[in-house]
Amino acid sequence: MHGSASPGWLLVALCAATGAYCLLRMRSSVEEQRRAAGGEALMGFGMAAMAVPAAVFTPPTWVWPAYAAVFGAAGLRALWAARSGRHHLHHLVGAAAMVYMAVVMAGSPAHAHGHGASGTPLLTGMLLLYFAGYVLLTGVRLIPVVTVAGGGPGAPSVPAPGGGAGAGGRAGAGWGDRPELARACRLSMAIGMLAMLLPL
């Protein structure tokens, strides 16, 4: 968080673009997707604001407790929603990571963003391991499968995720309802989270 300017601005752009796409996903006709997209939009924009280089803007001290409160509430909401689906546990971990970073930033002397801030090594390490594993697993899931294992020239094709009507996908699904785009969105935020946790 708040390291040198160039990587900081790249992180801001990545998180803001992801948050904007998640806002567009909130137009989905599926209620569960709208709810998930809303939480992910909050996460994307929150990460973008947190990643603004300190040379450009140093937030006042009250910002960090406000971050902790907002993402604490988002974490409680994700915990409640986890009763209906496991994927909400990822949202819970993301919200907990944001609360953790806000607490670290609040406790850092004189707004020493990035290199001066230090969190609990064990907790930082656990979060880094979680998000690194999530990035690898999600990246593998995004790789399209073209043919079945052991298939030859006559083997049936396996559709890539979110394929069109001819590939076994839904013909009427909007681009905001495509699961591979939602996964790519979560992958981008997990990469951003890794980048923000590394300096702690």
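Computed over protein heavy atoms with a 1.4 Å probe, the carbon and sulfur contribution to the accessible area of segment 42-112 reaches 74%. Taking label positions 7 Å along the Cα-Cβ direction at both SER84 and ALA184, the computed distance is 2.7 nm, reported to one decimal. Of PHE45, PHE71, the order by accessible heavy-atom surface (1.4 Å probe, DNA, RNA and ligands excluded), from most exposed downward, is PHE45, PHE71. Taking 0.36 nm per residue of separation and subtracting the current Cα-Cα distance, fully stretching the chain between TRP9 and ILE143 would add 45.4 nm. Pairs of Cα atoms nearer than 8 Å and 6+ residues apart set the relative contact order; for segment 1-58 it is 52 percent.
A Förster radius of 25 Å combined with the Cβ-Cβ distance from ARG35 to LEU128 puts the calculated FRET efficiency at roughly 0.35. Note that segment 1-76 presents 48 Å² accessible area per residue, ligands and nucleic acids not counted, probe 1.4 Å. Subtracting the Cα-Cα distance of TRP62 and SER118 from their residue separation scaled by 0.36 nm leaves 18.3 nm.
The values are calculated or read from the model by the stated rules, or taken from the named source; none is laboratory data. All values derive from a computational prediction rather than experimental measurement. For neighbour counting, all protein chains shown are included, and Cβ atoms are generated from backbone atoms with ideal geometry for every residue, glycine included. Ligands, DNA and RNA are stripped out before the accessible areas are found, and what is left, the full protein with its side chains, is counted by its heavy atoms. Shrake-Rupley method; radii C 1.70, N 1.55, O 1.52, S 1.80 Å.
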